[in-house]
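The structure appears right after this line, and notes come after that.
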Amino acid sequence: MTYKTLLVHVDQSSHAAARIKIAAKIAIAEDAHLIGSAMTGVSRYLYQDGVVFIESVITSLRAQANLALDQFDAIARQMGVNSFERRLVDDDAGGGLSLQARYSDLVILSQTDPDERTDDLITDLPEYVMLNSARPVLALPYAGNFDRLGSNVLIAWDGSMEATRAVTNALPILKKAKNVTVALFNTSKQFDVHGEQPGADIGLYLARHGVKIDVEQRKTDLDIGNALLSLAADKGSDLLVMGGYGHTRFREILLGGVTLSILRTMTIPVLMSH
């Protein structure tokens, strides 16, 4: 598997430039086509306050989105991305990205920054796109500098379908990584998932793909989310790969405990698949 189409969320947040640069680096490394997509949010106004109001709001929203796309163009050109395009989409971020993601190999977006909340911001964007696109999401923390990504990778392995998808979707990155650690927690409580040597099966699978790994079994009384972030800090990991658990009920997002914990408190980029 390789990444041939990447989708990055483009907006006017203070984190947009760093997000676009990371997406550009991945596109260059994978020789992939990079799509920068800015959502106008026009769909929120289609049935409000009459045609005159709609036209004025649409014009303003599209102008703001195009300014964000201008920054995307400039960064992609400056960094030397071979193939890229800008897209202006008249939808909200969650719906627009989820639909476009289905025709992409990887979606790059950011954790919600509580200091940049506005009335129109979707506060659960990473989880919404993950649950509604069937594609892997690379979520970047709003705090920190992540110029180095994918050199020292930590995989959260529990034998689930979600974790399996995440590992498979991360293969292009894992093959290039210098260090990959597969972490298993409290395996004695998962007797129906792991074999006689927990981690051996996924280790062999990855080895056949040319990925060199270390397997670590840990026992912990902490919640698994905090235990994973603690292990990532100890190892100096620059990427966490894990399954994402949850579902949507109407617009409400219902997440599993570990998924919710990681998405709320992430300290390193997280590649997550549902």
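The values are calculated or read from the model by the stated rules, or taken from the named source; none is laboratory data. Fair warning: this is a prediction, and the values are worked out from it, not measured in the lab. We place every Cβ from the backbone using ideal geometry, glycine too, and count neighbours over all the protein chains shown.
Observations on the model:
- Residues satisfying the stated conditions in the stretch 72-87, i.e. more than 21 Å from Val42 (Cα to Cα) and assigned to a helix (DSSP H, G or I): Asp73, Ala74, Ile75, Ala76, Arg77, Gln78, Met79
- Restricting attention to the stretch 40-68, the residues being at pLDDT 95 or above and buried (at least 18 other Cβ atoms within 10 Å of the Cβ) number 2.
For every residue, the table says whether it meets (1) modelled with pLDDT under 95; (2) among the β-branched types (Val, Ile, Thr); (3) touching a His at 6+ places or on another chain (Cβ under 9 Å); (4) surrounded by 15 or more Cβ atoms within 10 Å (Cβ to Cβ).
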residue: Phe146; (1), (2), (3), (4): yes, no, no, yes
residue: Glu162; (1), (2), (3), (4): yes, no, yes, yes
residue: Asn179; (1), (2), (3), (4): no, no, no, yes
residue: Asp192; (1), (2), (3), (4): yes, no, no, no
residue: Gly203; (1), (2), (3), (4): yes, no, no, yes
residue: Val215; (1), (2), (3), (4): yes, yes, no, yes
residue: Thr220; (1), (2), (3), (4): yes, yes, no, no
